[in-house]
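What follows is calculated from the coordinates using simple rules that are stated; it is not laboratory data. Just so it is clear, the model here is predicted, and its values are computed rather than measured. Ideal geometry is used to build each Cβ from the backbone, glycine not excepted, and the neighbour counts take in all protein chains shown.
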Number of protein chains: 2
Amino acid sequence: MNEKRHAFVISDRTGLTAEAMAHSLLSQFPKVDFQTRLVPFIDSLDKAKELVREIDVVAGETGMKPLVFVTLVDDAIRMIINQSESVVFDLFDTFIGPMERELGLESSHSVGKSHGVSDNKAYTSRIAAVHFAMQTDDGLETDHYNLSDLIVIGVSRCGKTPTSLYLSLHYGLFVSNYPLTENELLSKRLPEVLVQQREKVFGLTIDPQRLLQIRQERYKGDSYSSVQTCQQEVAQAENIFRTARIPYLNTTRMSVEEIGATIIHKAGLRRRIVV
Amino acid sequence: MNEKRHAFVISDRTGLTAEAMAHSLLSQFPKVDFQTRLVPFIDSLDKAKELVREIDVVAGETGMKPLVFVTLVDDAIRMIINQSESVVFDLFDTFIGPMERELGLESSHSVGKSHGVSDNKAYTSRIAAVHFAMQTDDGLETDHYNLSDLIVIGVSRCGKTPTSLYLSLHYGLFVSNYPLTENELLSKRLPEVLVQQREKVFGLTIDPQRLLQIRQERYKGDSYSSVQTCQQEVAQAENIFRTARIPYLNTTRMSVEEIGATIIHKAGLRRRIVV
């Protein structure tokens, strides 16, 4: 049996950064069955005191101190949390002191810079990027490709749409995606509409076995989701990528975050926004 | 003049967590003009050594040690980076030791659990969520609302689409969005198609002045983007939210992350996936 342990992730804002850090740290202890609770928006002394009571109840009931991961800018709130019956890992304050000494400056102690709307222009261009990705999803409105930063291509259900939306949301890039259809795969050439945009094109591929699984979730029984079709389409697509010298990536064991970060890295693209 | 300083964010995987942490820490020093470089996928000793040379070049040219933020699981790679002419902030290792002592366990030292595809099922449901959000974007296919976890409503351009896509990508939730049109706003009632789904509905609102800005970016001159229309539509929408007792949120000064996290928090929803 795995050991159970309670964990709290506490933030004065959304807690997204804290959650990602905590998740990454906790995953290093696979033998422990963590019961993790995210508690965002702890931005007042009263909320902090109430939370301390809840932490102490958990500590009392389980007889074990919960692990508490915090990103809190306000010293007074942090001090209250520190009084709880818990082991606090302060993701923020641990580094601010050393950074202040190194930079010879005091930190601003201001809350919520990380995910705030730093300027309206960035927000607007982010929304514009998301709308562009939707507008040019799945081969729609290819006449807008002159505005694209990137055109993701591949066979149906290899992950083009989530990748495009992710990159538009998180990097503010104008990302289109284009499905390689049966006739285009048979032609063995890069589709005509992409030739002029060659340098923006990035291919996605996937193991045929995994593609089969994904397609069968929704279209069981179609020839579309047969072993042969999946094998053939993937081979044909990779063949086009190689012949046309299109950079490409096998997404089989990757999350959308990893696919996105890898494409940015390999294609030498830069963020248009910082989120 | 602001002080310039170089910073590196180094990870053995995508670096997304490290980037978020570093961004949040660096933003506490607004007087410094940081030149930040993200270096993901440092997963071999050779890559680490090459990177150390680059860091040392920057240190030599600027006469100042770059700030280096790392999330590296492999001790050998970390030790190489530590030899560079830099100030290293180890976001991961700083906490792993104390956690090991508290838990009485050794950490697994395994790379890339945080953003990996932990299981295929989670990946598939995430893709399904994204496709559902697109399928039911902007009032499309309302007959699928029985499958929705959440239906975001509001006037045109208040942020419904980015919010829906964000929540589908990051929480794996089935999120639809529905625009309140002119006639529906005039009717002063929750649209008929939403009445049965009342408990899933969440409203977005926005300051009329900000809405005007956003609409004018694309539709300057239309009555759609006039001061009067924006003021009127926002007032009518908020009136419907209050009358129908729909929870709602003013998104004016919020990023998509904040809007998403706030809705999850207020609507009492839970993640379907951990990313």
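Structure above, values below:
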quantity	calculated
Under-5 Å amide H pairs with A:Phe8, H placed in peptide plane, nonlocal only	A:Arg37, A:Leu67, A:Val68, A:Phe69
Local electrostatic count, B:Val9, Cβ distance below 9 Å [Lys/Arg +1, Asp/Glu -1]	0
Reach of A:Lys121 by Cα under 15 Å, taken over aspartates and glutamates that are not fewer than 8 positions away in the same chain	B:Glu217
Karplus-derived HN-Hα couplings along the range B:124-136 (A = 6.51, B = -1.76, C = 1.60, θ = phi - 60°), whole Hz, x at Gly and Pro	5, 6, 5, 4, 4, 5, 5, 5, 5, 4, 6, 5, 10
Phi to ³J(HN,Hα) by Karplus 6.51 cos²θ - 1.76 cosθ + 1.60 over the range B:61-75, Hz, x for Gly, Pro	5, 8, x, 9, 5, x, 7, 10, 9, 10, 10, 10, 8, 6, 5
Other-copy label distances relative to A:Gly268, 7 angstrom Cα-Cβ extension, nm	5.4
Dmax and Rg, reported as Rg then Dmax, of the protein assembly as shown (C-alpha, Å)	24.3, 69
HN-Hα J in Hz across the range A:232-247 - Karplus 6.51, -1.76, 1.60, θ = phi - 60°, x for Gly and Pro	5, 4, 5, 4, 5, 5, 5, 4, 5, 4, 5, 4, 8, 6, 8, x
Copies compared at A:Glu199 - label distances in nm, ascending, label defined 7 Å from Cα in the Cβ direction	5.7
Chain A: C-alpha gyration tensor shape, a/c 1.5 cut-off, then a/b vs b/c	prolate
Surrounding net charge for A:Glu61, when Lys and Arg each add one and Asp and Glu each subtract one, Cβ distance under 15 Å	+2
Antiparallel DSSP beta bridges within the range B:3-103, as percent of all bridges there, nearest 5	0
Built amide H within the under 5 Å cut-off of B:Val201, gap 5+	B:Ile151
Cα gyration tensor shape for the range B:1-56, rounded if a/c is under 1.5, else prolate or oblate	oblate
Global geometry of the range B:183-275, whether rounded, prolate or oblate, following the gyration tensor of its Cα atoms and the 1.5 cut on a/c	oblate
Sites excluded, trypsin sites (Lys or Arg not before Pro) in DSSP loops with at most 15 other C-beta within 10 Å, longest stretch of chain B	B:32-187
Listed pairs A:Lys160/A:Lys220; A:Lys266/B:Lys47; A:Lys200/B:Lys49; A:Lys160/B:Lys160 exceeding 25 Å between Cα atoms	A:Lys200/B:Lys49
10 Å Cβ neighbours from other chains, averaged over peptide B:144-150	0
